[in-house]
Amino acid sequence: MSTIKGPSNLVFTRENALCLHGFTAERAVTVTVSDGPHSYTTTAQPTAGKLTFDRYEPPESLFNGARLRVYDIGSGVMQSETWDFVPQSAARESLAAAGHFTISATQGSTTASYKQSVAVPTNPERARLRGESKRRLVVDGFKQGDTIPIGLYRLAAGASDQATLVRQLGSVVMPRSRTAVFAVPQSAASSTYCVTVPLATQYNCPSF
């Protein structure tokens, strides 16, 4: 029996992976995600080697049409590396409005599908998007409609959770998905400073 499954709720920005059971590692698998009005198709490509868990796929995986590498991990299961679940803006807002999507996998006559619930983040946070060469900050969990300022900060000496604003870089407005992406300018790329939003504590302040 072939299956494709996910968590009870897939929350935007959280780490996830594609896991396929009952498909052969000899051929590619066509994977389609649909939220009703929109569909996105990609290819899960069986790849030689081992799953490492130390690298990330792009945040738009499954929604950007690019091939997604999957690895045979035994017992008839193929799995991808993980990625931060941040589809491109239009797809993200459509998913947030629907509250779910259907993911289907097809390999010849072998098929499987799963209805996945989607949830918006509710705890204000920020992080550097992983799995890409671009410098982008994801801001999430703030209330819909809020304008969130983004700035260049200097970490306080001897305090890993405190930082001082050096200058403002811009802002984002929280959409329905409560997830927004900000392109960090080259001028803010420095290991001495970090890019963040106003929070009570600044643990793991992202540097670019």
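What the table below lists for this structure:
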{"read-out": "Accessible area expressed per residue, region 1-81, with surrounding protein chains retained (probe 1.4 Å, Å²)", "value": "51"}
{"read-out": "In nm, spacing of pseudo-spin labels at Ser187 and Glu15 (7 Å Cα→C-beta vector)", "value": "3.5"}
{"read-out": "Spacing of the two label points (7 Å from each Cα toward its C-beta) at Ser34 and Ser117, in nm", "value": "2.3"}
{"read-out": "Region 119-208 - accessible surface per residue (Å², probe 1.4 Å)", "value": "51"}
{"read-out": "Computed helical MRE - 222 nm, the chain, DSSP H runs ≥ 4 contributing -39500 (n - 2.57), nearest 500", "value": "-1500 deg cm²/dmol"}
{"read-out": "Correct choice for Rg and Dmax of the Cα atoms in Å that was computed from the model, options (i) 18.8, 61; (ii) 15.7, 45; (iii) 22.4, 76", "value": "(i)"}
{"read-out": "Rough spin-label spacing in nm, given labels placed 7 Å along Cα→Cβ, for Asp54 and Ser160", "value": "2.1"}
{"read-out": "Unpaired by the 4.7 Å Cβ criterion, cysteines found in the chain", "value": "Cys19"}
{"read-out": "Built amide H within the under 5 Å cut-off of Ala127, gap 5+", "value": "Val138"}
{"read-out": "Cα long-axis angle, helix 89-98 against the chain (0 to 90 degrees, to the nearest 10)", "value": "70"}
{"read-out": "Relative contact order (percent, whole number), the chain, Cα cutoff 8 Å, 6+ residue spacing", "value": "19"}
{"read-out": "Derived scalar couplings ³J(HN,Hα) [region 10-25; Karplus, 6.51 cos²θ - 1.76 cosθ + 1.60; whole Hz; x for Gly, Pro]", "value": "9, 9, 3, 6, 7, 5, 8, 8, 9, 10, 10, 10, x, 10, 6, 7"}
{"read-out": "Cα-centred dipole magnitude for region 1-144, charges only on beta-carbon of K, R (+1) and D, E (-1), debye, nearest 20", "value": "240"}
{"read-out": "Local electrostatic count at Leu95 - Lys and Arg +1, Asp and Glu -1, tallied over other residues with Cβ under 10 Å", "value": "0"}
{"read-out": "Global geometry of region 28-133, whether rounded, prolate or oblate, following the gyration tensor of its Cα atoms and the 1.5 cut on a/c", "value": "oblate"}
{"read-out": "Of all accessible heavy-atom area on the chain, the percent that carbon and sulfur account for (1.4 Å)", "value": "49"}
{"read-out": "Shape of region 151-208, Cα gyration tensor, a/c cut at 1.5", "value": "oblate"}
{"read-out": "Global geometry of region 85-145, whether rounded, prolate or oblate, following the gyration tensor of its Cα atoms and the 1.5 cut on a/c", "value": "oblate"}
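The values are calculated or read from the model by the stated rules, or taken from the named source; none is laboratory data. Model, not experiment: these values are computed from the prediction. Note that each Cβ is placed from the backbone with ideal geometry, even for glycine, and that neighbours are counted across all protein chains shown. Ligands, DNA and RNA are excluded from the accessible area calculation, which covers all protein heavy atoms including side chains. Shrake-Rupley method; radii C 1.70, N 1.55, O 1.52, S 1.80 Å.
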